[in-house]
Amino acid sequence: MVEGNRFVSANDLQRVVEESVQQTPVIDIHTHLYPPSFVGLCLWGIDELVTYHYLVAELFRSSRVTPAQFWALNKSRQADVIWDALFVKNTPLSEAAAGVVAVMVKLGLDPCQPDLKQAREYFASISIEEHLDRVLELAHVAELVMTNDPFNPVERAAWERNEPCPDRFHRTLRMDPVLNDWKTAHAVMTAAGYKTSADLASPTAAEARRFLDLWIARLRPVYLAVSLPFTFVYPDDSPRTRLIREVVLPTCLYHNIPFALMIGVSRQVNPALKEAGDSVGYADTGSVERICVENPDVRFLVTMLSRENQHGLCVAARKLRNLMPFGCWWFLNNPSIVEDVSAERLELLGATFIPQHSDARILDQLIYKWGHARRTVSRALHASYSRLVADGYSLTREQIVRDVTRMFSGNFRTWVGATNRKEGGALP
Ligand code: FIX
Ligand code: ZN
C-alpha cells in the first residue's frame, strides 16, 4: 500500500497514475467555447453535439443524403438525420460518435434511443448556467482558453457591448485574418479608422499594431494565435512573413505574451462540407525552428496537425527552450494517436510539454474530450513510470502528482505568466 511520499510499487502504479491524472484539474488551452452571456456563440445541448462538424463529415460516409440536402435542413432536422445514420443505423464506433455516447451516459441519458426526444427534454429542463458548472466539474476543467476573433463581426459586437466574461474563460486574439486573409483584416481595420493599406505600405504595420493594442487592452489575451496551412514557410517573401515580423512578434514582445502557431491545415478541400471540409498536410518543422531561433525572447506554443510532423516538433523543442509543444490537434485527437504522441513526447521531453487541449466547440464536449484524454495520457504516463520503476527508481505519488500538475496547468501558467524571462529566469 502507498500514501504521500512513500514509494509506489509496480502493482499499485497503474492505479496511482490513473487517480492522479483523473483528480488533477486542467487548464484547457485551446477551445472554441464562449460563456453563456455570448448568446448565439455559446453552443451546448444535444442538437449542437450531434451536428458537430466531425460528425457531419462522417454522415456523408454512412448516408445517401447530399450536402445540399443536409444544409437545407434546420439544426434539429440535421441532428435527426445524423442521429439516425450514425447512432441508430450504425454503431457509434468513431471517436466523435463515441464521444456523444460518453457525454450522454455521464449526463444520465440513454444513447441507444431511436431518436433525440429524451435528450431534448433533458436539455430543455436545465439552464446553461447550472449546466456550465456541471460540465466543468465532470470534465475537471478549472479554466479554459477561448478562440477570440476581433475580425468576426458577431463576436466583435459582443465585446463592444462589454458582455460579461468569467475569469475562468481566458481570452486569446486570433490572427488568422491578419496572416491568412489580409484583405479582410485590412478592410476591418480601415472601417475602424486605422490607416492600413492592402500593400502593407507605411504606416500599415504601426496602425495594425495600434488595432491589436486596443484589443489586447480590451480582452487581456493570454496569447495571440494563428492556424496556418501545411504550406507555411518561414521566412519567405510573402506579406505573411512581413506581418509576422512587423506586427505580430513585436506585439507579443511588447505585451510579453506568447504566440501560438497551429500548423498543418488544408482548408476547404471539400467546400460542400463547409466547416467539415478541411483536411491536413505535412508541414515544414524547419519553419518552426527558424521562427523560434530568430525570436529567442518570444515564447511559442506550437501544435501541428499532421501525424508525420510530431517527431520533428518534439526534436525541435529539445533544441529550443522558447518552444512549447501542445495538444493532439483535431485529426490527431484520437485515443490511439494521443497515446502514441504522448509517449513519444514523454520519452523526448519529459514533462516539458502540454499533452492535450480539447478544441471543444460545444460545451458538453469537454466531458468526453477530457475523459478520453485523461485515459490515454495516463496510459502513456504509466508506461514511462513502469520503465523507471523496473529500472529500480523509487517513485512517490507526490512526484506523479507534480508531473501531472505541471503538464495539465503548470507549463501553461509559466508560459503565459512568466514575466522574468527577459532576466533569464530558468524554464520551470
Ligand atoms: O483552427 C482551429 O482552431 C481548428 O481547431 C478549427 O478550425 C477546426 O474546425 C476544429 O474545430 C478542430 O477541432
Ligand atoms: Zn481550434
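Every number in this text was worked out from the coordinates using simple rules, so none of it is lab data. Since the model is a prediction, treat every value here as computed from it, not as a measurement. Cβ atoms come from the backbone with ideal geometry, glycine included; neighbour counts cover every protein chain shown.
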- Query: Once fully extended, how much extra length lies between residue 282 and residue 387, figured as 0.36 nm per residue of separation less the alpha-carbon to alpha-carbon distance?
  - Reply: 34.6 nm
- Out of the DSSP beta bridges found with both residues in the chain, what percent are antiparallel (nearest 5)? 10
- Show the residues, 5+ positions off or on another chain, whose built amide H is closer than 5 Å to the amide H of residue 302. 261, 324, 326
- Sorted peptide list for 109-115, 175-181, 316-322, 221-227, criterion being average Cβ within 10 angstrom, highest first: 221-227, 175-181, 316-322, 109-115
- Item | Efficiency of FRET between residue 6 and residue 110 - r from beta-carbon atoms, R0 41 angstrom, step 0.05 | 0.40
- Starting from the Cα gyration tensor of segment 278-422, take the square roots of the eigenvalues, sort them a ≥ b ≥ c, and report rounded, prolate or oblate (rounded when a/c is under 1.5, otherwise prolate if a/b is larger than b/c, else oblate). rounded
- Task: Figure the gain on full extension for residue 93 and residue 195 (residue separation times 0.36 nm, minus the Cα-Cα span) and round it to one decimal in nm.
- Result: 31.5 nm
- Item | Proximal charge balance of residue 33 [Cβ under 13 Å; K/R count +1, D/E count -1] | -2
- With +1 on each Lys and Arg Cβ and -1 on each Asp and Glu Cβ, how big is the dipole of segment 297-428 about its Cα centre, in debye rounded to the nearest 20? 260
- Query: Which pairs, out of 75/183; 183/274; 75/117; 75/274, put more than 24 Å between their alpha-carbon atoms?
  - Reply: 75/183
- Note on the structure: Taking the chain and counting helices only, DSSP H stretches of n ≥ 4 at -39,500 (n - 2.57) each over all residues, the nearest-500 ellipticity at 222 nm comes to -14000 deg cm²/dmol
- Pull out a ≥ b ≥ c, the square roots of the eigenvalues of the alpha-carbon gyration tensor of segment 162-313, then state rounded if a/c is under 1.5, prolate if not and a/b is larger than b/c, and oblate in the remaining case. rounded
- How high is the relative contact order of the chain, in percent, with contacts defined as C-alpha pairs under 8 Å that are six or more residues apart? 23
- Query: Is the chain rounded, prolate or oblate when judged by the Cα gyration tensor, a ≥ b ≥ c being the square roots of its eigenvalues, rounded requiring a/c under 1.5 and prolate requiring a/b larger than b/c?
  - Reply: oblate
- Query: Taking the Cβ of residue 58 as the center, what net charge do the other residues with Cβ under 15 Å away carry, scoring Lys and Arg +1 and Asp and Glu -1?
  - Reply: 0
- When ranked by the protection proxy of mean other Cβ atoms within 10 Å per residue, highest first, what sequence do the peptides 80-87, 198-205, 248-255, 328-335 form? 80-87, 328-335, 248-255, 198-205
